[in-house]
Amino acid sequence: MINVKKILLPVDDSEYSTRAAEMTARVAQNFAAQVVVLSCYRIYKVPQFDDDTLGRAMDELIKERAAIIERQTAPLRQFEVEYETRIEGGRPSNIVPRFAQEEGVDLVIMGSKGRGDLEGLLLGSVTHKVMQSVQCPVLVVK
C-alpha cells in the first residue's frame with residue numbers, strides 16, 4: 001500500500017489540469033496529504049529586448065501563472081486541503097521531475113494533456129516525459 005504524504009500537482013490553464021486538481025483534492029483529503037502546486041513558465045530571449053523589457057515580460061508571466069494557480073486550486077480550498085504554491089521558470093518536462101525529487105513527493109498527479117507549445121507537438125507530451133523521469137508514482141487524469 002502506498003503511503004501518500006506529499007503530492008505534486010503541476011498545473012497549467014487546461015481543462016485536464018482542472019480535472020487533475022479535482023482528483024488531487026480527493027486523494028489528498030483521503031490520505032491527509034500536503035499538496036505542492038507547481039506552475040511553470042517559459043520565457044524566450046529575444047535579442048531586441050533589453051533587461052527592463054525582459055524583466056517586465058517575466059513579471060507578466062509570473063502574474064499569469066499566479067492567476068492560473070488561483071483558479072486551479074479552487075478544489076483544494078473546497079476540500080480544505082493544505083497546499084503551497086510554486087512558480088518556476090523553465091521547461092515543465094525538466095522542472096517537474098527535478099522538483100518532485102527535491103521535494104520528496106510521494107505522488108505526482110497531472111493532466112494527460114496541457115496547453116503545451118510547439119515542443120509538445122514535436123517531442124512528445126510533458127506528461128509522458130514526466131512519467132519516464134520521476135521515481136514516484138504518477139497518476140494521469142484524463
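Any read-out appearing in this document is the output of simple, stated calculations on the displayed coordinates, not a laboratory observation. Since this is a predicted model, take the numbers as computed values, not measurements. So basically every Cβ, Gly included, is an ideal-geometry build from the backbone, and we count neighbours across all protein chains shown.
What's the longest uninterrupted piece of the chain once you rule out the GluC sites (Glu not before Pro) that are loop residues per DSSP with at most 15 other Cβ within 10 Å?
The reported range is 1-79.
Which order results if M58, M110 are arranged by neighbouring Cβ count within 10 Å, fewest first?
M58, M110
Could you calculate the contour length gain from E103 to D59, that is, 0.36 nm times the residue separation minus the distance between their Cα atoms, to one decimal place in nm?
13.3 nm
As an exercise, identify the chymotrypsin sites (Phe, Trp or Tyr not before Pro) in the stretch 1-78 lying in DSSP coil whose Cβ has no more than 13 other Cβ atoms within 10 Å.
Y44
Suppose every K and R has +1 on its Cβ and every D and E has -1 on its Cβ; what is the size of the dipole of the chain about the Cα centre, in Debye to the nearest 20?
500
Run the helix sum for the chain: -39,500 (n - 2.57) per DSSP H stretch of 4+ residues, divided by residue count, reported at 222 nm to the nearest 500 deg cm²/dmol.
-15000 deg cm²/dmol
For the stretch 6-141, take N as its residue count and report Rg(C-alpha) divided by 2.2 N^0.38 Å.
For the stretch 6-141, the normalised Cα radius of gyration is 1.05.
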